[in-house]
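Working notes, structure below.
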């Protein structure tokens with residue numbers, strides 16, 4: 001299995017030639033609606049993304065991209081879209097074929113190609129928002145999505161992750177309903193994954209933070225961490 005960071009909370013995971021895109025923000029939808037300043041250009045277009053399935057953790061424009069997701073459905077008509085009820089509602093409104101939409105429910109296992117996904121709780125302004133446990137090729141991953149801190153996060157992640165998380169992707173920006181550095185480190189300490197990677201920064205100038213303190217603290221705990229590079233493929 002390998003992954004590529006798109007930016008923000010967006011990724012592409014690939015195994016057995018199956019491509020799962022998570023929260024792919026490829027447009028300028030947010031910039032058109034607000035005064036934020038984009039810091040990096042998209043590292044994919046819809047054609048180069050080539051997803052077999054898309055999972056959106058919630059219905060905010062930098063996660064369910066209202067421009068990109070319908071374009072994916074048009075260009076890749078066999079692509080499956082999965083997400084919680086807010087995402088399902090938005091997708092139907094956008095005219096995506098209902099047979100290609102799967103509703104994700106917390107604690108309920110779903111399969112997208114070789115990927116086994118269990119949605120878990122996320123505390124965010126979209127009350128339907130979820131994080132994700134992803135299992136594939138003998139590895140277990142946790143993707144926080146957008147979430148504020150709660151002591152209950154670690155227990156739920158370990159429960160559905162089978163007691164061990166190989167790699168964690170966690171938000172650190174501390175603004176607009178997300179954990180800050182200290183919050184994210186609390187979750188890391190409680191879960192103790194093999195690798196903990198910071199995300200949700202370096203897209204918008206007004207909503208960013210340096211990842212280096214998080215990386216240094218994780219490494220000091222004996223948990224591997226590093227700064228991902230947008231568009232660079234990594235093996236898991």
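What follows draws every value from the coordinates through simple rules; no lab data is involved. Note that the structure is a prediction, hence the values are computed from the model and not measured. Note that each Cβ is placed from the backbone with ideal geometry, even for glycine, and that neighbours are counted across all protein chains shown.
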### Message
Please list, in order, the residues from region 38-71 whose amide nitrogen is less than 16 Å from a point placed 7 Å along the Cα→Cβ vector of residue 17.
### Response
50-53
### Query
Rounded to the nearest 5, what is the percent of antiparallel bridges among the DSSP beta bridges in the chain?
60
### Query
Applying 1/(1 + (r/R0)^6) with R0 = 41 Å to the Cβ-Cβ distance of residue 166 and residue 205, what FRET efficiency is obtained, to the nearest 0.05?
0.80
## Note on the structure
The FRET efficiency for residue 212 and residue 127, from their Cβ-Cβ distance with R0 = 35 Å and rounded to 0.05, is 0.60
### Query
Under a plain spin-label model, where a point goes 7 Å from the Cα along Cα-to-Cβ, how far apart in nm are residue 148 and residue 33?
2.0
### Burial order of peptide ranges 71-82, 129-140, 33-44 (average beta-carbon count within 10 Å, highest first)
129-140, 71-82, 33-44
## Note on the structure
Per the 1/(1 + (r/R0)^6) rule, R0 = 30 Å and r from the Cβ atoms of residue 139 and residue 94, FRET efficiency to 0.05 is 0.40
### Message
Could you check the spin-label model distance between residue 182 and residue 110? Points 7 Å from the Cα along Cα→Cβ, value in nm.
### Response
3.6
### Task
For residue 40 and residue 75, calculate 0.36 nm times their separation in residues minus their Cα-Cα distance, and state this gained length in nm to one decimal.
10.2 nm
### Message
Using the basic label-point model (7 angstrom from Cα toward the beta carbon), what is the residue 175 to residue 48 distance in nanometres?
### Response
2.7
